[in-house]
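Engineer: Pasting in a structure now, in structure tokens, and then I'll have a few things to ask.
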Amino acid sequence: MAPRMGLTCSQGTDSGTVMTVSTSPGSTPEAGSTRPLTSKSTGPARRSRWEIGTGDAETVLAEARKALFVMVGFLAILWIVQIFNWADHYHLSVEYGIRTRSVGSLPEILSAPFLHLSWTHIESNTGPLFVFGFLAAYRGVAKFLGVTLFVIVTSGLAAWLFLPNNTVSAGASGVVFGYFGYVMVRGFFDRHAIDMILGAVMALCFAYQFSVLLPHQGISWQGHIGGLVGGVAAGWIFRDRRPRAAKPKSALPARTTGTSTSTAVATGPRADLHKQLDDLGL
């Protein structure tokens with residue numbers, strides 16, 4: 001809970017190639033241009049079906065290791081900043097926190113999550129931030145960084161727009177709720193059953209966190225809601241896009257246009273047989 005005085009905090013098959021040959025009366029077949037007669041979908045890529053979501057174990061383990069290092073580094077930065085902030089009597093939070101509806105304070109949306117207003121404040125955010133951050137990052141650190149930036153902006157804008165006048169908001173709990181929302185919906189949007197179950201379990205285990213989405217004096221619940229909404233939106237924006245493999249169509253039949261006949265000749269295992277039949281006029 002942030003101190004009064006206008007400050008608010010954020011808690012916590014395999015098919016042969018097909019060639020076309022053109023024949024006209026009195027002439028012998030000559031190879032024409034080579035072109036595949038299988039058709040690929042020209043429409044938008046369609047999503048694949050549901051997957052268990054485990055993927056290659058070695059790859060998942062490597063990404064989980066990266067996620068662990070990233071979160072440990074992130075928390076280390078937060079605590080180092082907190083030490084300097086405390087030594088400076090929390091002037092950093094006041095100077096670089098979000099000041100409501102001040103256009104000059106918009107850049108502070110990016111700095112506010114790294115600042116806290118007390119030791120209790122940062123302690124209450126550290127555990128949930130590590131848990132939800134790791135779960136958000138273990139599927140890929142690059143995607144995680146995009147999610148992080150997105151929820152920082154959405155939670156910060158919500159605080160900037162909707163907090164009372166003459167208040168300053170700081171803290172990482174808007175990001176915590178962003179990760180929370182992302183973890184809850186990622187499995188559904190990515191069609192990963194494991195991640196969907198994981199999101200449901202996390203929602204049940206941390207259901208008490210929803211209490212700080214309600215109005216509380218001295219708590220930036222507006223930023224919490226902005227982070228949660230941003231996390232859900234990030235689940236859709238950063239979802240996996242796995243195109244479904246196009247199904248090959250059967251070879252096109254011979255076509256006659258004017259005095260020229262276009263014949264489909266396979267170059268697969270029966271190519272020699274087709275050539276002999278053609279020479280015999282069959």
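Engineer: Limited to region 89-130, what total is found for residues that are β-branched (Val, Ile, Thr) and either in a loop (DSSP other than H, G, I, E, B) or more than 27 Å from MET184 (Cβ to Cβ) (or both)?
Structural biologist: 3
Engineer: Give all pairs with beta carbons closer than 8 Å in which a residue from region 195-224 that is closer than 16 Å to MET184 by Cα and part of a helix (DSSP H, G or I) meets a residue that is modelled with pLDDT of 80 or more and of a type in the set (S, T, N, Q); count only pairs at least 6 apart in sequence or on separate chains.
Structural biologist: From residues that are closer than 16 Å to MET184 by Cα and part of a helix (DSSP H, G or I), the pairs are HIS224/SER155; HIS224/SER173.
Engineer: Check VAL60, VAL70 and return the single one that is modelled with pLDDT under 95 and aliphatic (A, V, I, L, M).
Structural biologist: Every option except VAL60 fails the conditions.
Engineer: Of the conditions (1) in contact with a Gly (Cβ under 7 Å, 6 or more places away or on another chain); (2) at positive phi, ARG101 fails just one. Which one is it?
Structural biologist: Status for ARG101: all satisfied but (1).
Engineer: Let me ask another. Looking at ARG239, ARG186, ARG139, which is the one that is out of contact with any strand residue (DSSP E or B) (no Cβ under 6 Å at 6 or more places or on another chain), surrounded by 18 or more Cβ atoms within 10 Å (Cβ to Cβ) and assigned to a loop (DSSP other than H, G, I, E, B)?
Structural biologist: So the residue among ARG239, ARG186, ARG139 that is out of contact with any strand residue (DSSP E or B) (no Cβ under 6 Å at 6 or more places or on another chain), surrounded by 18 or more Cβ atoms within 10 Å (Cβ to Cβ) and assigned to a loop (DSSP other than H, G, I, E, B) is ARG139.
Engineer: Suppose we filter region 159-173 for residues that are crowded, with 24+ Cβ neighbours inside 10 Å and not polar (S, T, N, Q); how many remain?
Structural biologist: Of the residues in that region, 5 qualify.
Engineer: Follow-up. Contact list please: Cβ distance under 7 Å, first residue in region 60-79 and surrounded by 12 or more Cβ atoms within 10 Å (Cβ to Cβ), second residue not in a helix (DSSP H, G or I), pairs at least six apart or on different chains.
Structural biologist: VAL60/THR54; GLU63/TYR138; GLU63/ARG139; GLU63/GLY140; ALA64/TYR138; ALA67/TYR138; LEU78/ALA172
The values are calculated or read from the model by the stated rules, or taken from the named source; none is laboratory data. Bear in mind that the values here come from a model prediction, so they are computed numbers and not experimental data. FYI the Cβ positions are ideal-geometry reconstructions off the backbone, even for glycines, and counts take in every protein chain you see.
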